[in-house]
1. Would you tally the residues in segment 1-42 being within 16 Å of Y75 (Cβ to Cβ) and not in a helix (DSSP H, G or I)?
2. Could you list all residues from segment 105-141 that are open to solvent by 10 Å² or more (accessible area, probe 1.4 Å) and touching an Asp or Glu at 6+ places or on another chain (Cβ under 6 Å)?
3. Which pairs turn up if I take residues in segment 6-29 that are within 15 Å of V139 (Cα to Cα) and look for partners that are in a helix (DSSP H, G or I) and open to solvent by 70 Å² or more (accessible area, probe 1.4 Å) with beta carbon separation below 8 Å, at least 6 apart in sequence or on another chain?
4. Could you pull out every one of the helices (runs of 4 or more DSSP H) wholly within segment 151-269 that has 1 or more residues that are at pLDDT 90 or above and open to solvent by less than 50 Å² (accessible area, probe 1.4 Å)?
5. If you check Y49, Y29, Y24, which single one turns out to be of a type outside the set (A, V, I, L, M), open to solvent by 70 Å² or more (accessible area, probe 1.4 Å) and within 23 Å of the chain's Cα centre (by Cα)?
6. Give the residues of segment 70-92 that are closer than 21 Å to M275 by Cβ and open to solvent by 10 Å² or more (accessible area, probe 1.4 Å), sorted by residue number.
7. Quick one: which of S122, S103 is under 14 Å from the mean Cα position of the chain (by Cα) and among the polar types (S, T, N, Q)?
Amino acid sequence: MQKTRRPQLLPYLGKFTLLHLLTYTIIGYLFLAFQGSLPECGRIALDLYEPFRSLGLMTIAGQILRGLAFALVFYPFYHTLFENPRGRLILFGAMWGVALFGSVEPQPGSIEGIIYTTISFSEHMYVLIAVAAQMSLFVWLFFKWEALSQKRSGPADPESQKSLESPVHPLLKIRGYIVRFGIVHLVSYWIIGSLFYQIAGYADALQEMEVFELWRDLENIPAVLLVFFGQVFRGPVLALLLAPFYGSYINKKRGWLLLFLLMFGLTALGSPIFMSEFILFEGTLVEDLKDLVIGIPEIVTQMLVFSLIFFWWQRKAARKN
């Protein structure tokens, strides 16, 4: 296995963010042209959620923050990506599969969007294809750039490399890992979600906020069943996409924190619309703070509870084997 040298943080962040902004700009320009050619009835969700936005100060700032979030999430896992022959596929799976398809945002292209909203199938597919194109281009460019950087810097020093690496920790039985991941994800999602639905004023927000215009009526049995079985499916999908990172966190004392970084950093901060909406202040300070309270505390709490419980349970299973 070829050893790589972990790059210095600031140049790494600069490269990652620059390429992310560049690929977003290229694919976004093409997507917006395509979106504009659609009839209004065929782009209702695209106009509302704006997965790709025209370049402006707020759009650039949002994508810079999103690129930085991605870069910081992957930095502790640098060797996982660049010393694995499937590193490109792993990075693509994280940036497209986890950050879009597995996102906590009910938006076009996400499982949550399929569960909670009436967004059309075609709009989901448009976004999935466009983001797949962006992330494919990004991964190809980033790996090329990093390969050149590694070539210039020379081989990694074996002694310093030891302190950066985590010993290989096999997944043991993949079925057990997926089952544990899925159970903890489902239970923590349901319990934390139910608590916050009662205490955070979600019912009023569903009636008042524009972003909830396309949401299903959650007060009927079919919607409840869709939410339940949707999460039964979403948990194993996340487990498989995040499995390549397992060996980098499971044997560390604070590995739960790295797992939380992956989960929150990718499914929330890495979402195509999260950062752009987060920095978009359109109303009064009180209204903007109220908007921030809807969703973010729940996401942080659920991800934190999940990371702690799953890490403990999986470590316990690893010790037994």
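The values are calculated or read from the model by the stated rules, or taken from the named source; none is laboratory data. If you're wondering where the values come from, they're calculated on a predicted model, not measured in any experiment. Note that we place each Cβ from the backbone using ideal geometry, even for glycine, and neighbour counts take in every protein chain shown. Just the protein is used for accessible areas: all its heavy atoms, side chains included, with ligands, DNA and RNA removed. Shrake-Rupley method; radii C 1.70, N 1.55, O 1.52, S 1.80 Å.
1. The total comes to 5.
2. P106
3. L13/L72; K15/W145; L19/W145
4. On the way: elements: 158-164, 174-199, 202-208, 221-242, 246-249, 255-264.
Output list reads 174-199, 221-242, 246-249, 255-264.
5. On the way: Y49 fails: open to solvent by 70 Å² or more (accessible area, probe 1.4 Å); Y24 fails: open to solvent by 70 Å² or more (accessible area, probe 1.4 Å).
When all the criteria are applied, what remains is Y29.
6. L72, Y75, P76, F92
7. S103
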